[in-house]
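Chemist: The structure that follows is given in the form of structure tokens.
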Amino acid sequence: MRYVIYCDESDDKGRYYSNFYGGALLRASDRQAIEAELNAVKAENNLRGEAKWTKISEYNEAAYRAFADKIFEFAAAGLLKIRIMCTQNINQTRHLEYEGSGFFKLYYQFIKHAFGLGHCNPERATEVSVTVLLDDAPDTAEKLENFKSFLSGLSNVAAFRDARVVIPKPDIAEIDSSQHVILQAVDVVLGAMQFRLNDLHKEKPANSNRRGKRTRAKERVYKHILKRICEIYPNFNIGASTGHGNGLASRWLHPYRHWVFVPEGSIEDTSRGKRSN
């Protein structure tokens, strides 16, 4: 069995939440069919070029709602497992900034834990191989190469080794999101969560008492995405880590999850959180 994980990241310093990471996991054998259907939705709705959260406007919001519908159709059917991770600014630590390595440290934690890969192969009859495809990493080639070595080392971690899950180093690669529609799907969902959690839906142009049309369009698309999530998990809380109703295996079993990562050694500073109205 081979799985593919598409990974994206956004907004390392948000107003309330930072370090947003998103991913979509699928069977390699399903990739071509999923790509074909997502691209068909884009074509049917005249969504040209790369689909990105930042491109949403009042002119294309219906197309992005249709795109989101297809994403969550796949999620509900168990063909895509979508994960979102972020940090909350009330949890302060200097650990992740040590030597500028926070980006890769967080990516490592995300891939190690968010998908529950240690629970993906309960029969353990055959080996499971995982390909990890990253949107362009904002760092040096040397650091990226070190990260690939470190990430492939997960194959030797007890939970992965016992489940016969491997991440071969040659199967960890950077890709161009404009050429990968599944990564574009991750960008749209990740952007929606970052938009709402950091209250960007409230932004107003300078010297105006009204929100801009683009901001209102994005809010409508976000609400549509939330509606689709709530069809899977009623009353889903986007600002909290998703629970483990079936134990840690839930990290693998659930089609959609959020994880608010709290770094070890964090000190809580509530002044950095949202204030009650």
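The values are calculated or read from the model by the stated rules, or taken from the named source; none is laboratory data. Bear in mind that the values here come from a model prediction, so they are computed numbers and not experimental data. Here the Cβ is made from the backbone with ideal geometry for all residues, glycine too, and neighbour counts use every protein chain on show.
Chemist: Just to verify a result, which residue in the range 210-254, among those that are of a type in the set (Lys, Arg) and not in a helix (DSSP H, G or I), is surrounded by the most Cβ atoms within 10 Å (Cβ to Cβ)?
Modeler: Arg211
Chemist: Residue check: is Ser129 modelled with pLDDT of 95 or more, of a type in the set (Ser, Thr, Tyr) and surrounded by fewer than 18 Cβ atoms within 10 Å (Cβ to Cβ)?
Modeler: Answer is yes for this residue.
Chemist: Take the range 45-59 and flag every residue that is touching a residue at least 60 places away in the same chain (Cβ under 8 Å) and closer than 15 Å to Gly191 by Cβ.
Modeler: Answer for the range 45-59, where residues must be touching a residue at least 60 places away in the same chain (Cβ under 8 Å) and closer than 15 Å to Gly191 by Cβ: Glu50, Ala51, Lys52, Trp53, Thr54, Ile56, Ser57.
Chemist: Please go through the range 133-144 and give me each residue that is in a helix (DSSP H, G or I) and surrounded by 12 or more Cβ atoms within 10 Å (Cβ to Cβ), ordered by number. Quick ask: steps written out before the conclusion?
Modeler: First pass over the range 133-144, keeping only residues in a helix (DSSP H, G or I): 141-144.
Those that are in a helix (DSSP H, G or I) and surrounded by 12 or more Cβ atoms within 10 Å (Cβ to Cβ): Lys143, Leu144.
Chemist: Collect the residues in the range 155-178 that are assigned to a helix (DSSP H, G or I) and closer than 17 Å to Ile5 by Cβ, keeping them in residue-number order. Lay out the reasoning, then the answer.
Modeler: Narrowing the range 155-178 to residues assigned to a helix (DSSP H, G or I): 155-156, 158-163, 169-171, 177-178.
Ser155, Ala159, Phe160, Ala163, Lys169, Pro170, Asp171, Ser177, listed by residue number.
Chemist: Further question: Output yes when any residue across the range 38-46 is touching a His at 6+ places or on another chain (Cβ under 9 Å), over 30 Å from Arg164 (Cα atoms) and not polar (S, T, N, Q), and no when none is.
Modeler: There is no residue in the range 38-46 that is touching a His at 6+ places or on another chain (Cβ under 9 Å), over 30 Å from Arg164 (Cα atoms) and not polar (S, T, N, Q).
Chemist: Which residue pairs have Cβ atoms under 6 Å apart, sit 6 or more places apart or on different chains, and have a first residue in the range 193-206 that is without any contact (Cβ under 8 Å) to a residue 60 or more places away in the chain and a second that is surrounded by 15 or more Cβ atoms within 10 Å (Cβ to Cβ) and not in a loop (DSSP other than H, G, I, E, B)?
Modeler: Arg196/Tyr222; His201/Glu219; Glu203/Thr215
Chemist: Counting only residues that are of a type outside the set (S, T, N, Q), touching a strand residue (DSSP E or B) at 6+ places or on another chain (Cβ under 9 Å) and in contact (Cβ under 8 Å) with a residue 60 or more places away in the chain, how many does the range 239-260 have?
Modeler: The number of residues fulfilling the criteria is 11.
Chemist: Another question, then. Only residues that are surrounded by 18 or more Cβ atoms within 10 Å (Cβ to Cβ) and among the basic types (Lys, Arg): list them for the range 166-209, please.
Modeler: Arg196
Chemist: Can you pull out the helices (runs of 4 or more DSSP H) entirely within the range 1-120 that have at least 3 residues that are at pLDDT 95 or above and surrounded by 18 or more Cβ atoms within 10 Å (Cβ to Cβ)?
Modeler: Numbers: elements: 31-44, 61-76, 102-113.
Result: 31-44, 61-76.
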